[in-house]
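Please read the structure below before turning to the comments.
The values are calculated or read from the model by the stated rules, or taken from the named source; none is laboratory data. Since the structure is predicted, the reported quantities are computational estimates derived from the model, not experimental observations. Just the protein is used for accessible areas: all its heavy atoms, side chains included, with ligands, DNA and RNA removed. Shrake-Rupley method; radii C 1.70, N 1.55, O 1.52, S 1.80 Å.
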Amino acid sequence: MAMMMQPMPHPSSDRPGFLSRSSAFARRIAGTGYAFDEGAHRALVLEELDRGYDLAGQIVR
């Protein structure tokens with residue numbers, strides 16, 4: 001729960017930090033039934049970031 005409550009690094013100003021936290025969180029929730037594929041997760045996150053990340057489109061309260 002503590003991991004979900006921490007703010008994520010901003011992907012446009014700290015891309016390596018964002019990737020690292022994203023991978024750590026995905027690894028934590030992935031479970032033990034299958035091996036976690038770090039490379040596949042990283043590729044997916046990079047593809048999503050490159051496709052478009054617009055903070056203004058997020059709801060921030």
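Give me the accessible area per residue for the chain, probe 1.4 Å, as a whole number in Å².
Ligands and nucleic acids excluded, the figure is 81 Å² per residue.
How long is the gain from Ser12 to Ala35 if the chain were fully straight, where each residue apart is worth 0.36 nm and the alpha carbon distance is subtracted?
5.4 nm
What is the angle, in °, between the Cα long axis of helix 15-30 and the longest principal axis of the Cα atoms in the chain? Nearest 10 is fine, range 0 to 90.
Taking Cα atoms only, the helix is inclined about 40 degrees.
Read phi for every residue in the stretch 2-13 and hand back ³J(HN,Hα) as whole Hz from Karplus 6.51 cos²θ - 1.76 cosθ + 1.60, θ = phi - 60°, with x for Gly and Pro.
4, 5, 6, 8, 7, x, 7, x, 6, x, 7, 9
Given a 1.4 angstrom probe, I'd like the percentage of the accessible area of the chain that is carbon and sulfur, rounded to a whole number.
57 percent
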